Amino acid sequence: MQRMILVTGGTGGLGSAVVRAFLNDGATVITTWRRRDTFTRLASELHNDRLHGVEVNLTDRTNVRAAVAEVVARFGGLDALVHVAGGFAGGATVAETGDDVFDRMFDLNVRSAFVCTGEAMAALADRRGAIVTVASKSALHPGVGSGAYAASKAALVALTQSLAAEGAASGVRANVVLPGTIATDANLDGSDPSTHTDWVRPAELAALIRFLASDAARALNGAAIEV
Ligand SMILES: NC(=O)c1ccc[n+]([C@@H]2O[C@H](COP(=O)([O-])OP(=O)(O)OC[C@H]3O[C@@H](n4cnc5c(N)ncnc54)[C@H](OP(=O)(O)O)[C@@H]3O)[C@@H](O)[C@H]2O)c1
């Protein structure tokens with residue numbers, strides 16, 4: 001049976017590599033998008049009729065509920081939800097960080113995952129599917145100037161492990177990857193990738209995510225994997 005994979009943030013630096021990896025696997029991939037131009041660009045780059053997009057604001061439950069329902073109705077089910085969407089804000093100490101930054105980090109990195117996984121759970125249970133989320137090494141090794149971000153990614157790890165425990169009864173697995181700096185175009189900003197040997201390449205991370213979402217990883221549930 002054709003595998004159906006929903007990728008949030010599939011238009012981004014890591015997300016586009018994740019989309020590519022699942023397409024290469026023969027799956028049908030539905031990515032969320034927020035700005036049409038980013039999806040149009042991805043679609044023309046990948047040129048694959050198994051790639052589809054759905055417009056959604058991931059921090060809005062009503063929006064997400066409608067998008068998941070649309071995906072399930074149109075594609076007949078869901079085998080995996082890969083929650084890549086997220087983002088960073090920081091550069092100031094906790095004492096100097098405003099509530100707006102804290103709220104933005106928790107909305108983008110935690111609420112989006114809370115809402116998306118919650119809304120997709122029933123469809124995933126129907127197919128004994130998988131959830132993979134993307135946190136950050138900062139969740140386990142926080143440093144100076146990223147308190148709100150690190151706390152939000154630590155909450156995402158806890159959320160994913162709660163999903164792993166709750167999903168066990170219905171056969172839904174949930175695992176989380178914790179990357180260090182990723183060699184996305186935005187991070188490289190024109191610099192030579194070979195000068196950043198400790199940065200993980202999007203394609204390498206995407207291969208791990210694809211594995212975690214596959215039946216070959218059925219022994220893994222609740223794992224938090226630093227990359
Ligand atoms: N880059 C790194 O070095 C690094 C390191 C550790 C962990 N991570 C994590 O890895 C993941 C991917 O990072 P990235 O660098 O690839 O990010 P990115 O290029 O900024 O992509 C983020 C994606 O999320 C989407 N998005 C953001 N807010 C959204 C919302 N409210 N509703 C719908 N879509 C939304 C973006 O859509 P738009 O294009 O419309 O904005 C974009 O597709 C994130 O969770 C990030 O925290 C990244």
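Numerical summary
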item	result
Alpha-carbon centroid distance for the pair the stretch 84-109 / the stretch 179-211, whole angstrom	22
Span-rule helices in the chain, defined as complete DSSP H runs reaching 24 Å or more along the axis (Cα) with Kyte mean at least 0.0	147-167
Highest-fluctuation residue, G147, G98, G12 considered, GNM on the chain with Cα pairs under 10 Å	G98
Computed over the stretch 4-226: relative contact order in percent, which uses C-alpha pairs under 8 Å that are six or more apart	21
Kirkwood hydrodynamic radius of the stretch 69-158, from inverse mean 1/r over distinct Cα pairs, in Å	14.1
Per-selection Kirkwood Rh - the chain (Cα, Å, 1 d.p.)	17.6
Spin-label model distance (nm) - N63 vs E204, 7 Å beyond Cα toward Cβ	3.4
Rg(Cα)/(2.2 N^0.38 Å) for the stretch 101-227, N = residue count	1.11
Order by protection proxy (mean Cβ within 10 Å, highest first), peptides 194-203, 124-133, 158-167, 24-33	124-133, 24-33, 158-167, 194-203
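Any read-out appearing in this document is the output of simple, stated calculations on the displayed coordinates, not a laboratory observation. Computed from a prediction, not measured in an experiment: that's the story for all the values here. Positions of Cβ are backbone-derived with ideal geometry, glycine not excepted, and every protein chain shown enters the neighbour counts.
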